[in-house]
Amino acid sequence: MNADMTADMNLPAVATLVPHAAPMLLLGRVISVDADKLCAEVVIRSDSMFYGERGVGAWVGIEYMAQTIAAYAGYHAQQRGEPVKIGFLLGARRYECSRSWFVAGDRLQVEAQQVLQAENGLGSFSCIIRESSTQQQLAQATVSVFQPHDAKAFLESEA
């Protein structure tokens, strides 16, 4: 962890940063955060959401990335004294994962680094999932998101 990153003991609970309730809150905790990046942890258990006969499908990695981006946005909103707002996953480009499944006992670090943030709420993040103990990269993608200034008005205008 580099010197300008905040250690996990100073960070709020992930549930206060991501506008999801259990069981859809998939992240366990925030490990570190700085101006451009947030790293979260996911521990795979047999009772984890989306866990099936073989584990959690690798496709769920995109949702881990999206929730890490949400935690990043929520953390920085709180730092500015603003409420946590909902956002929208627009898509993921070049999602590649070296596994088909995440299995019970896996401890994953999910990192989202901001690449672009436009005034209109569009954002792009470079995301990586690593195995915690070995730091082996398991998955990567570029994830596009949208966070409108007023989500309620945006949703009502689209109805």
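The values are calculated or read from the model by the stated rules, or taken from the named source; none is laboratory data. This one's a predicted model, so the numbers in the text were calculated from it and none came from an experiment. Reconstructed Cβ throughout: ideal geometry from the backbone, glycine too, with neighbour counts over all protein chains shown.
Within the stretch 106-122, can one find any residue that is surrounded by fewer than 19 Cβ atoms within 10 Å (Cβ to Cβ), small (Gly, Ala, Ser) and modelled with pLDDT of 95 or more?
no
Residues that are over 20 Å from PRO19 (Cβ atoms), outside any strand (DSSP E or B), out of contact with any Lys or Arg (no Cβ under 9 Å at 6 or more places or on another chain) and small (Gly, Ala, Ser): does the stretch 101-115 have at least one?
no
Cβ-Cβ under 6 Å, sequence separation 6+ or interchain: first residue in the stretch 36-62 and at negative phi, partner among the acidic types (Asp, Glu). Which pairs?
Cβ pairs passing all conditions: CYS39/GLU111; ILE44/ASP106.
Can you name the condition, by its number, that GLY91 falls short on among (1) of a type outside the set (Ser, Thr, Tyr); (2) in a strand (DSSP E or B); (3) surrounded by 14 or more Cβ atoms within 10 Å (Cβ to Cβ); (4) at pLDDT below 95?
Tallying (1) of a type outside the set (Ser, Thr, Tyr); (2) in a strand (DSSP E or B); (3) surrounded by 14 or more Cβ atoms within 10 Å (Cβ to Cβ); (4) at pLDDT below 95, GLY91 fails exactly one: (3).
Taking the stretch 26-56 as the search range and keeping residues that are assigned to a strand (DSSP E or B), within 15 Å of the chain's Cα centre (by Cα) and among the aliphatic types (A, V, I, L, M), which one is farthest from LEU108 (Cα to Cα)?
Step by step, filter the stretch 26-56, then rank; the result is VAL33.
Which of the residues that make up the stretch 124-142 are surrounded by 17 or more Cβ atoms within 10 Å (Cβ to Cβ) and at pLDDT below 95?
none
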